[in-house]
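These notes are about the structure you will find just below.
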Amino acid sequence: AAGATVNTAGFQYTLNGHLFNSGTLTLSGSNIVFDGILNQLINGFTTTGSVTSIKTGGIARFTSAVSAASLIVNGAGSTLNLGNGLHTISGNVTITAGTLRGGRASLEVAGNISAAGTFTGDTLNITYAGTAAQTRHPIVLIPGVFAFDTIAGIDYWYRIPAARQPEG
């Protein structure tokens, strides 16, 4: 039924195929895991649990808005594509292994974003919605052998130290 809430009693659900729904799907408190090697299409849903991709191949693609407590990508050789819609994550986004692609989506994150895997932004719009300082994907600036502070009169590190100082 459209707008129905499925009482999943907090159980984890692991999906190896597509997730289709014709209404509003609310999974109360369940962790949702995408697994397998085949491509998957995922219609939007809401959970107060985590959303995790542990696929070892293929692409899982969101086709509409997803709302969850956290988003985790931990599947070497796979891709989670945010596709379309506004995705709301009330906690952290963590990319441990595999690839997170932004697609044409918008992502609202209240926690931190960290990545040891691959992040490809595409046309993704990210809104940092936390109330405290948030860690965005760590940026490591390595100048290399031919390091410089200015080039042609332009400050290479313009405003970076000042912007980072308040956050430690």
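Quick notes
- The stretch between Ala76 and Leu41 holds 10.7 nm of extra length on full extension. This uses 0.36 nm per residue minus the Cα-Cα distance.
- Built amide H within the under 5 Å cut-off of Leu15, gap 5+: Val33, Phe34, Asp35
- Accessible area per residue was computed with a 1.4 Å probe on protein heavy atoms; Phe34 scores about 0 Å².
- Proximal charge balance of Gly75 [Cβ under 15 Å; K/R count +1, D/E count -1]: +2
- Between Leu41 and His18, Leu19, Arg61, the built amide H atoms are under 5 Å apart, and every one of these is 5 or more places off in sequence or on another chain.
- Per-residue Karplus couplings for region 54-70, computed as 6.51 cos²θ - 1.76 cosθ + 1.60 with θ equal to phi - 60°, are listed in order as 10, 4, 10, x, x, 10, 9, 10, 6, 9, 7, 4, 10, 10, 8, 6, 7 Hz, Gly and Pro entered as x.
- In a fully extended conformation the segment linking Ser114 and Thr127 would gain 3.2 nm over its present Cα-Cα distance, using 0.36 nm per residue.
- In this label model, Ser22 and Leu86 are separated by 2.7 nm, measuring between points 7 Å along each Cα→Cβ vector.
The values are calculated or read from the model by the stated rules, or taken from the named source; none is laboratory data. In this text, all values refer to a predicted model and were calculated from it rather than measured experimentally. Counting neighbours? That spans all protein chains shown, and the Cβs are built from the backbone with ideal geometry, glycine included. Heavy atoms of the whole protein, side chains included, go into the accessibility calculation; ligands, DNA and RNA do not. Shrake-Rupley method; radii C 1.70, N 1.55, O 1.52, S 1.80 Å.
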